[in-house]
1. Criterion first (surrounded by 12 or more Cβ atoms within 10 Å (Cβ to Cβ), in a loop (DSSP other than H, G, I, E, B), at pLDDT 70 or above and charged (D, E, K, R)) does R140 satisfy it?
2. Please verify whether the range 19-30 includes one or more residues that are under 15 Å from S74 (Cα atoms) and loosely packed, with under 15 Cβ neighbours inside 10 Å.
3. Please give the strands (runs of 3 or more DSSP E) falling wholly within the range 60-128 in which 3 or more residues are more than 21 Å from L139 (Cα to Cα).
4. Applying the selection to the range 3-16, what residues are free of Cβ contacts under 8 Å to residues at least 24 places away in the same chain and not acidic (D, E)?
5. Given the structure, is W101 closer than 20 Å to R43 by Cα and touching a Phe, Trp or Tyr at 6+ places or on another chain (Cβ under 8 Å)?
6. With respect to the numbered conditions (1) under 18 Å from the mean Cα position of the chain (by Cα); (2) at pLDDT below 80; (3) aliphatic (A, V, I, L, M), which one is the sole condition not fulfilled by M114?
7. Restricting attention to the range 42-70, which residues are more than 11 Å from the chain's Cα centre (by Cα) and surrounded by 17 or more Cβ atoms within 10 Å (Cβ to Cβ)?
Amino acid sequence: MDEAVASLEAQFPGAVLEKKEFRGETSVSVKKESAREVAQFLRDTLGFDYFIDLATIDHYETEPRWEVVYELYSMAQGRHLRLKYSLLENEPEAPTVSDLWPTADWHEREAYDMMGIKFKGHPDLRRILMWEGYPHYPLRKDFPLEGLPSDVPDVAFTAPAPLQGGPFVTAPTDGTTQVREPRARYFPPLPPKDKFIAEP
């Protein structure tokens, strides 16, 4: 994989900001301005023909706040590469790669719907889970667990959900993590271990 990274550095001088190797996986961080060209070079020249996934990360209260991550794979070489770049908080806009890898189409729509990152050049950037007109982005870290109220006349509405005693709310206690774990309040305790030992 060093050859792929070396090729990127040679083709795009100064564009590669960071490279990491961990447990056989290579991650490369590049400048946002070069991300589109780098992606096309990876597909057309280095053979990364399979777009596995796209992820977006919210580094809340940190600048740059947003990070876009592509998981790419070369079928011919059997190699995996992770391509990353960052976006400023007030500029959550990224270049589309849906024309390079058509499967990125819905991935980009989901990232827009859940995180609010717009993909410039996407042919049909509509929400994919929430309804059109919904004013919030549920996977942002500043979006509260109970939700936010919204009112879109003739379409849909939401109201904050009561969380007291809900299945995903930990119980305030001085006990251990096992006691605080929500599911501990919904399932009866297991019988003592000696009850599982078969009698002779």
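1. Values: surrounded by 12 or more Cβ atoms within 10 Å (Cβ to Cβ): yes; in a loop (DSSP other than H, G, I, E, B): yes; at pLDDT 70 or above: yes; charged (D, E, K, R): yes.
Yes, satisfied.
2. To start, the set of residues in the range 19-30 that are under 15 Å from S74 (Cα atoms) comprises 24-27.
Filter once more, so that each one left must be loosely packed, with under 15 Cβ neighbours inside 10 Å: 24-25.
Among the residues of the range 19-30, at least one is under 15 Å from S74 (Cα atoms) and loosely packed, with under 15 Cβ neighbours inside 10 Å, which makes the answer yes.
3. Numbers: elements: 66-74, 79-87, 93-95, 118-120.
Fully inside the range 60-128 and qualifying: 66-74, 79-87.
4. Here is the first cut: in the range 3-16, the residues free of Cβ contacts under 8 Å to residues at least 24 places away in the same chain are 3, 5-6, 9-10, 13-16.
Listed by number, the residues that qualify are V5, A6, A10, P13, G14, A15, V16.
5. Working: closer than 20 Å to R43 by Cα: yes; touching a Phe, Trp or Tyr at 6+ places or on another chain (Cβ under 8 Å): yes.
When the stated conditions are applied, W101 passes them.
6. Against the list (1) under 18 Å from the mean Cα position of the chain (by Cα); (2) at pLDDT below 80; (3) aliphatic (A, V, I, L, M), M114 comes up short only on (2).
7. First pass over the range 42-70, keeping only residues more than 11 Å from the chain's Cα centre (by Cα): 42-52, 59-65.
Scanning the range 42-70 gives L42, R43, L46, F48, F51, R65.
Conditions (1) surrounded by fewer than 18 Cβ atoms within 10 Å (Cβ to Cβ); (2) more than 21 Å from D49 (Cα to Cα); (3) touching a His at 6+ places or on another chain (Cβ under 8 Å); (4) among the charged types (D, E, K, R), marked per residue:
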{"site": "E93", "(1), (2), (3), (4)": "yes, yes, no, yes"}
{"site": "S98", "(1), (2), (3), (4)": "no, no, yes, no"}
{"site": "T103", "(1), (2), (3), (4)": "yes, no, no, no"}
{"site": "W106", "(1), (2), (3), (4)": "yes, no, no, no"}
{"site": "M115", "(1), (2), (3), (4)": "no, yes, no, no"}
{"site": "K118", "(1), (2), (3), (4)": "yes, yes, no, yes"}
{"site": "G121", "(1), (2), (3), (4)": "yes, no, no, no"}
{"site": "I128", "(1), (2), (3), (4)": "yes, yes, no, no"}
{"site": "E132", "(1), (2), (3), (4)": "yes, yes, no, yes"}
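The values are calculated or read from the model by the stated rules, or taken from the named source; none is laboratory data. Keep in mind the model is a prediction, meaning the values are calculated, not measured. Cβ sites come from the backbone with ideal geometry, for glycine too, and all protein chains shown count toward neighbours.
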